[in-house]
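Reviewing the structure listed below.
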Amino acid sequence: MAASRTIFIAGAGIGGLTASLALAARGFRVVVLEKAERLEETGAGLQLSPNASHVLVGLGVNERLGSRALTPEAISIMSARAGGEIARLPIGEAAAARADAPYWVLHRADLQAALAAAVNDHPDIELRLGCQFEDVTSHAKGMTIVQRRGNSRHQDLAMALIGADGIWSSVRHHLFPEVQPQFSGLIAWRGTLEATQLPREYTLPRVQLWMGPGAHIVTYPMAVARRLNVVVTVPGTWNRPGWSAPGDGGELKGAFDAARWPGPARMVLGAVDVWRKWALFTVPDGSEWTSGTMALLGDAAHAMLPFAAQGAGMAIEDAAVLAKVLSEAPLETAKQIAAALKRYARLRRPRIARVQRTARQQGRIYHLAGAPALARDLVIKAIGPRRMLARQNWIYDWRS
């Protein structure tokens, strides 16, 4: 395979697949390496605000999602201290029209399947499943990407390599072995339940955020299966291999006792039959993203806490900016390619840093107790839903 305008991407998650479509749309040939034999996105639900959905609509992915992406009417902010809703932020059709893009909630697997279908149909993208990035060497003709499939090794020429292979990125480890993911001290418990298991008022088309002492709960419906996605974040320790494991719902009871959490919140938790818990790791702020003709994207570069609901959104934005920068730059030499990748990183870093700070801050606010929680609730009520939503404009109104 010739190196000219061929870009390899390690990782076929949401960021890697979006990047492949964005690059191919701008005239590049793309090869995506994915170590898994089948694409089976882990996790459960996903929120995509207009900054991310706008990119996907531009790539035509919305046509493949069909009814699997749901636009909720509102975000309901709930307070355990107050016992119920303290604000409702409108994010339905009217808000989507203002932002010129929808706010979506959907299952991660549905989005990955839609992206994969678009990739498989594109003549300039090759998706290699069961094929793992192993090594890379740079030389006068570009770079040689070494891949492993089972016991066999294969080599290809390329002009650039993009690591979109998640928080435990093999590409990042190859480039910057000193950069290690850090455990945040928080664990996200994820589960789903049939919407029919709860009274109708608990399953309206809205995102519901319950803030409480030392923990918070996020719920929202997923359209196709008529299921409710539930994510619970609590402090915890993690001393086992990997970063996810089956969870016993009984472990959550102590964090959500009746004295501090109202019945509606505990009812949702009690209706979930199967939990899986995920240790929340982050990549240290300020870590390097590029080295020569190689760059990182999404969680591989900047895995963050999920409390701004922007993890996938930032990877999608990365993909759009990367494709735009590479398409606009001269790419005749390795030096020019490296300069373009550095520009991509420079353009993305300030926004990523701000979203990371916002996520950390919101996590602290969600978990307040006592007098600080009372003050928080009063401030939210005083600001009002429209102004609360307007505070997110800097995120939602971004365009590449």
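Quickly run through region 343-400 and pick out the residues that are small (Gly, Ala, Ser) and over 13 Å from Ser79 (Cβ atoms). I'd like the intermediate steps shown before the answer.
Taking region 343-400 first, the residues small (Gly, Ala, Ser) are 345, 353, 359, 363, 369-371, 373, 375, 382, 384, 390, 400.
Selection gives Ala345, Ala353, Ala359, Gly363, Ala371, Ala382, Gly384, Ala390, Ser400.
Does Asp135 satisfy the condition of being assigned to a strand (DSSP E or B), more than 25 Å from the chain's Cα centre (by Cα), among the acidic types (Asp, Glu) and under 30 Å from Gly242 (Cα atoms)?
Values: assigned to a strand (DSSP E or B): yes; more than 25 Å from the chain's Cα centre (by Cα): yes; among the acidic types (Asp, Glu): yes; under 30 Å from Gly242 (Cα atoms): yes.
The answer is yes for Asp135.
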Within region 269-287, how many residues are part of a helix (DSSP H, G or I) and either surrounded by fewer than 22 Cβ atoms within 10 Å (Cβ to Cβ) or at pLDDT 95 or above (or both)? 2
Would a scan of region 330-350 turn up a residue that is over 18 Å from Gly142 (Cβ atoms), within 16 Å of the chain's Cα centre (by Cα) and modelled with pLDDT of 95 or more? yes
Criterion (among the β-branched types (Val, Ile, Thr), touching a His at 6+ places or on another chain (Cβ under 8 Å) and either in the same structural domain as Leu297 (by TED's automatic domain parsing) or touching a residue at least 24 places away in the same chain (Cβ under 8 Å) (or both)) met by exactly one of Ile365, Ile352, Ile380: Ile352
Pick out, from region 155-248, the strands (runs of 3 or more DSSP E) lying fully within it that include 2 or more residues that are of a type in the set (Gly, Ala, Ser) and either under 22 Å from the mean Cα position of the chain (by Cα) or within 25 Å of Phe281 (Cα to Cα) (or both). 182-194, 244-247
Which residue pairs have Cβ atoms closer than 8 Å, lie 6 or more positions apart in sequence or on different chains, and pair a first residue in region 128-141 that is outside the structural domain of Ser20 (by TED's automatic domain parsing) and over 14 Å from His173 (Cα atoms) with a second residue that is surrounded by fewer than 15 Cβ atoms within 10 Å (Cβ to Cβ) and of a type in the set (Phe, Trp, Tyr)? none
Do we find a residue being among the hydroxyl-bearing types (Ser, Thr, Tyr), over 26 Å from Ala36 (Cα atoms) and surrounded by 22 or more Cβ atoms within 10 Å (Cβ to Cβ) anywhere in region 56-78? no
So, Glu41, is that one under 17 Å from Ala113 (Cα atoms), at pLDDT 90 or above and out of contact with any Phe, Trp or Tyr (no Cβ under 7 Å at 6 or more places or on another chain) or not? no
Give the residues of region 236-269 that are over 15 Å from Gly214 (Cα atoms) and hydrophobic (A, V, I, L, M, F, W, C), sorted by residue number. Trp238, Trp243, Ala245, Met267, Val268, Leu269
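Tell me whether region 322-333 contains one or more residues that are hydroxyl-bearing (Ser, Thr, Tyr), out of contact with any helix residue (DSSP H, G or I) (no Cβ under 9 Å at 6 or more places or on another chain) and free of Cβ contacts under 8 Å to residues at least 60 places away in the same chain.
The answer is yes, given that some residue of region 322-333 is hydroxyl-bearing (Ser, Thr, Tyr), out of contact with any helix residue (DSSP H, G or I) (no Cβ under 9 Å at 6 or more places or on another chain) and free of Cβ contacts under 8 Å to residues at least 60 places away in the same chain.
Residues are listed down the side, and each one gets a yes or a no for (1) of a type in the set (A, V, I, L, M); (2) crowded, with 21+ Cβ neighbours inside 10 Å; (3) farther than 13 Å from Ile352 by Cβ:
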{"position": "Met222", "(1), (2), (3)": "yes, yes, yes"}
{"position": "Asp248", "(1), (2), (3)": "no, no, yes"}
{"position": "Glu251", "(1), (2), (3)": "no, no, yes"}
{"position": "Gly254", "(1), (2), (3)": "no, no, yes"}
{"position": "Gly263", "(1), (2), (3)": "no, no, yes"}
{"position": "Trp289", "(1), (2), (3)": "no, yes, no"}
{"position": "Ala295", "(1), (2), (3)": "yes, yes, yes"}
{"position": "Ile316", "(1), (2), (3)": "yes, yes, no"}
Boolean, Val55 is in a strand (DSSP E or B), over 30 Å from Leu374 (Cβ atoms) and touching a Lys or Arg at 6+ places or on another chain (Cβ under 9 Å): no
Output yes when any residue across region 109-117 is closer than 19 Å to Gly384 by Cα and not in a strand (DSSP E or B), and no when none is. no
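The values are calculated or read from the model by the stated rules, or taken from the named source; none is laboratory data. Nothing here was measured: the structure is a model prediction, and the numbers come from that model. Positions of Cβ are backbone-derived with ideal geometry, glycine not excepted, and every protein chain shown enters the neighbour counts.
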